[in-house]
Amino acid sequence: MNPRQRPATVRFYFDADVLGLAKVIVSLRSDVTYPGDPGGVVHRRQRPPCSITSPATSDEDWIPETARQGWLIITRDSRIQHHRAELDAVRTSGARMITLASDEARGTWAQLEVFMSQWRAIERRLEEPGPFIYMASRTVLREVSLT
């Protein structure tokens with residue numbers, strides 16, 4: 001590491017289904033990672049490579065890993081409440097997840113619009129203990145039942 005660089009603290013994990021958005025945000029913020037992220041330097045902060053090395057990693061594997069790391073998950077799985085294995089992984093690992101409403105988040109530009117519209121509310125979730133899932137649209141961030 002260059003002596004003028006300091007280690008970055010990763011706080012956000014962008015799931016494989018929002019890789020385009022992840023690659024936009026990771027170029028601006030040192031506290032973001034995504035599956036397969038080789039690491040990098042942003043604002044003199046050195047971000048390490050992501051411990052989740054492949055976008056093909058199963059939900060049951062990467063969700064507990066993100067919880068263990070303390071990362072807030074950003075994803076686009078708007079039907080997560082219907083996926084029992086994912087809900088179980090969030091519950092048992094204590095994961096914290098924000099899912100972008102798929103009707104409003106088709107494509108990188110629309111995902112960026114939803115994400116930035118809810119940025120301050122999303123960032124406040126960093127202080128909230130898991131497990132939880134919130135659904136983000138351009139106008140609202142609402143909690144999703146884990147049952």
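Just the residues that are outside any loop (DSSP other than H, G, I, E, B), in contact (Cβ under 8 Å) with a residue 60 or more places away in the chain and aliphatic (A, V, I, L, M), please, taken from the range 96-147.
Within the range 96-147, L100, L112, L126 meet the criteria.
Pick out the one residue from R96, R76 that is in contact with a Lys or Arg (Cβ under 8 Å, 6 or more places away or on another chain), surrounded by 17 or more Cβ atoms within 10 Å (Cβ to Cβ) and within 22 Å of F132 (Cα to Cα).
Exactly one of R96, R76 is in contact with a Lys or Arg (Cβ under 8 Å, 6 or more places away or on another chain), surrounded by 17 or more Cβ atoms within 10 Å (Cβ to Cβ) and within 22 Å of F132 (Cα to Cα), namely R96.
Any residue in the range 1-20 that's at pLDDT 95 or above and in a strand (DSSP E or B): show its pairings with residues that are surrounded by fewer than 21 Cβ atoms within 10 Å (Cβ to Cβ) and among the acidic types (D, E) at Cβ separation under 8 Å, as long as the two are six or more apart or on different chains.
Note: pairs meeting the criteria are F12/D31.
Residue check, A85 against (1) over 22 Å from V26 (Cα atoms); (2) in a strand (DSSP E or B), all met but one. Which one?
Going through (1) over 22 Å from V26 (Cα atoms); (2) in a strand (DSSP E or B) one by one, A85 breaks only (2).
Any idea how many residues of the range 8-66 are small (G, A, S), under 20 Å from W119 (Cα atoms) and surrounded by fewer than 17 Cβ atoms within 10 Å (Cβ to Cβ)?
So the count comes out to 2.
Given the conditions (1) of a type in the set (A, V, I, L, M); (2) outside any helix (DSSP H, G or I); (3) under 23 Å from A8 (Cα atoms), report the number of the one that A56 does not fulfil.
With respect to (1) of a type in the set (A, V, I, L, M); (2) outside any helix (DSSP H, G or I); (3) under 23 Å from A8 (Cα atoms), A56 is out only on (3).
Checking G36 against (1) on the phi < 0 side of the Ramachandran plot; (2) not in a helix (DSSP H, G or I), which test does it fail?
(1)
The values are calculated or read from the model by the stated rules, or taken from the named source; none is laboratory data. Bear in mind the structure is a predicted one, so any value in this text is a computation, not a measurement. In this analysis, Cβ positions are derived from the backbone assuming ideal geometry, glycine residues included, and neighbour counts consider all displayed protein chains.
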